[in-house]
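**Student:** Please read through the structure below; I'll follow up with questions.
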Amino acid sequence: MPESDLPLLLDVAGAAGEIAKSYFRQDPDIWDKADGAGPVTAADLAVNTMLSDRLRSARPDYGWLSEETEDSPARLSTRRQFIIDPIDGTRAFIEGGRDWGHSIAVVEDGRPVAAVVAMPVREQTFHAEIGQGAFLNGAAIATATGQDMAAATVLATKPNVRPEHWANGMVPPFQRSFRSSLAYRMCLAAMGRFDAMLTLRPTWEWDIAAGALIVTEAGGKATTRTGDDLRFNNATPQTDGVIAGGTLHPQLIAALA
């Protein structure tokens, strides 16, 4: 039986939060990534360096996929990988908001087996290990059980509720909300604060690998927009959107075009 990775993930998540907070609201250097991929700050890079050093030293046989590290095909030949986003919600970080955090997962044979999403400013740490449940600051969490679409709350960006995405152009009557970090949106669905979250565009694995395990261990479902299982460590590290949540999940899948 492999050694649990969860204590290691929790340890480095705490260290990541301390590094990021030392840059937060301190006007860190900011660069624009190539091809319109969004901004990156000195904080993202400092956190990435620490995570790379500590995680890869602790588990040298694991593959590595990070938003802030140039990808290498070497990870495709490994059974286990770290899949991380050093700071998920970089725009919120730059703007001085609270909805940014660290998304850190271990994936084995395409499926997450250990995960941490830490939100330092909110003082929230979500974690899960396969078969062991999901937790927020040590307390067990569970997805929502509501099935009334008209009373549902769903985390999504405005483009996701355009009529062309939905069957017969009929957008379901749920109440839409938004948070900057995809990983945090998944965790909010995992804890039942919202009925579900969705994003219909191609989605980077590092944004969702940790959140996917947290949702499923909280009793929910996390799939592609078409309802297929999420698989990670793909050659192109993207999935066909994400829908995650509790008992509302199948209704959202059915309502999509």
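**Student:** Could you pull out the residue among E95, E68 that is more than 23 Å from L188 (Cα to Cα) and among the charged types (D, E, K, R)?
**Tutor:** On the way: E95 fails: more than 23 Å from L188 (Cα to Cα).
That would be E68, the only listed residue that is more than 23 Å from L188 (Cα to Cα) and among the charged types (D, E, K, R).
**Student:** Related question: Give the residue that is most open to solvent (accessible area, probe 1.4 Å), with candidates limited to residues of the stretch 178-221 that are in contact with a strand residue (DSSP E or B) (Cβ under 9 Å, 6 or more places away or on another chain) and of a type in the set (K, R).
**Tutor:** Ranking the qualifying residues of the stretch 178-221, first place goes to R193.
Here is a yes/no grid of residues against (1) touching a Gly at 6+ places or on another chain (Cβ under 8 Å); (2) touching a residue at least 40 places away in the same chain (Cβ under 8 Å); (3) under 19 Å from L65 (Cα atoms):
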{"site": "L200", "(1), (2), (3)": "yes, yes, no"}
{"site": "D207", "(1), (2), (3)": "no, yes, yes"}
{"site": "G211", "(1), (2), (3)": "no, yes, yes"}
{"site": "V215", "(1), (2), (3)": "yes, yes, no"}
{"site": "G227", "(1), (2), (3)": "no, no, no"}
{"site": "Q251", "(1), (2), (3)": "no, yes, no"}
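**Student:** While we're looking at this one, here's another question. Kindly establish whether T78 is out of contact with any Gly (no Cβ under 7 Å at 6 or more places or on another chain), open to solvent by 20 Å² or more (accessible area, probe 1.4 Å) and modelled with pLDDT of 95 or more. Walk me through how you get there before you give the answer.
**Tutor:** On the way: out of contact with any Gly (no Cβ under 7 Å at 6 or more places or on another chain): no; open to solvent by 20 Å² or more (accessible area, probe 1.4 Å): yes; modelled with pLDDT of 95 or more: yes.
No; evaluated as a whole, the condition is false for this residue.
**Student:** Taking only the stretch 24-37 into account, find how many residues are touching a residue at least 24 places away in the same chain (Cβ under 8 Å) and either closer than 15 Å to L51 by Cβ or of a type in the set (A, V, I, L, M, F, W, C) (or both).
**Tutor:** Looking only at that region, the number is 2.
**Student:** Still on this model: Does the stretch 46-75 hold any residues that are open to solvent by less than 30 Å² (accessible area, probe 1.4 Å), of a type in the set (S, T, N, Q) and without any contact (Cβ under 8 Å) to a residue 24 or more places away in the chain, and which are they?
**Tutor:** S52
**Student:** Go through the stretch 121-147 and count every residue that is in a loop (DSSP other than H, G, I, E, B) and modelled with pLDDT of 95 or more. Steps first, please.
**Tutor:** Start the filter on the stretch 121-147 by keeping residues that are in a loop (DSSP other than H, G, I, E, B), which leaves 121-123, 130-133, 137-138, 141-147.
Checking which are modelled with pLDDT of 95 or more leaves us with 121-123, 130-133, 137-138, 141-145.
Going through the stretch 121-147 one residue at a time, the tally reaches 14.
**Student:** Considering only residues of the stretch 153-177 that are of a type outside the set (A, V, I, L, M) and touching a Ser or Thr at 6+ places or on another chain (Cβ under 9 Å), which is surrounded by the fewest Cβ atoms within 10 Å (Cβ to Cβ)? I'd like the intermediate steps shown before the answer.
**Tutor:** First, pick out the residues of the stretch 153-177 that are of a type outside the set (A, V, I, L, M): 153, 157-160, 162-166, 168-169, 172-177.
Next cut, touching a Ser or Thr at 6+ places or on another chain (Cβ under 9 Å) only: 153, 157, 160, 174-177.
Details: T153: 19, T157: 13, N160: 21, F174: 23, Q175: 11, R176: 17, S177: 14.
My answer is Q175.
The values are calculated or read from the model by the stated rules, or taken from the named source; none is laboratory data. Since we're looking at a predicted model, the values are computed, not measured. Cβ coordinates were reconstructed from backbone atoms using ideal geometry, including for glycine residues, and neighbour counts include every protein chain displayed. Accessible surface areas use protein heavy atoms only, side chains included; no ligands, DNA or RNA. Shrake-Rupley method; radii C 1.70, N 1.55, O 1.52, S 1.80 Å.
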